[in-house]
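The next block holds one structure in the form of C-alpha cells; read it before the comments.
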C-alpha cells in the first residue's frame, strides 16, 4: 500500500511537470490511462485559471473527463497537426525512448494523435523504465473482430503467446473503435524494430502498442526527483 502511494506521488509529479508545458493557443493531445488522467486533471485546473487551449482526446473516457473539467475539445478532422501531446506509457526503453502502450486499450487513437503531434511528451514513474521492450510485458495488439481467431493464429506463428483481453463482465474487451485486443507475449528477445515490422505485416491487425521513434521526451518521476530524458 505504501509503495503504491509513493508511485502515485511520482506519477503526479511527472503529470504536473508535463501539464506545465502547455501555453495559450496550443492544440493539445490528451492521453489515456492513470498518469494521463492525473495530467488532464491538472490541465483542467489550469484551464479554470485562464489557460486557453483546445484538447484532442485519445479515448472516450478522456473526452468525458475533459468535458467535466471544462477543457474545450476538438478532433483530428479540425486540427490535423497538434502542438503537443502528453500521455503515459507501459514501458519506456532506455536510450531509444521507444514505448509499449495500450494497456488501457486506447492504443490506436493514442498512436494517431502521437504521430500527428509536433512534440510527444511521455510521463511515467521510474518502474516503467526497461532496458529492452517486450521482455517484461506483453505487446497489446488491436484486431478486427471478423476472423480474429485467424489473426491470432498468425500472431502465434510469429512466436507470440496470445491472451484475448477480457472486459470486467468476462466478455471480450471492445475498444472505442469497435475492435478486440490480443495481448502478445514474446519470449525470444527480439528487437522492437523487428517485432514492429512483423506485426505491421499481419492482415486483420489494426494497430499494435509499439511506439517506435515517436517520443520527443520522457518525464520520469523518481524517488530522487524528476528526470527529463530525450532519445539518444
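In summary, residue 163 fulfils each of the numbered conditions (1) part of a strand (DSSP E or B); (2) surrounded by 15 or more Cβ atoms within 10 Å (Cβ to Cβ) with the single exception of condition (2). If the condition is being within 15 Å of residue 88 (Cα to Cα) and part of a loop (DSSP other than H, G, I, E, B), then region 189-211 contributes only 209.
Coordinate-derived values only; no laboratory data. Quick caveat, the model's predicted, so the values are computed rather than measured. Positions of Cβ are generated from backbone atoms using ideal geometry, with glycine treated the same way; all protein chains shown enter the neighbour counts.
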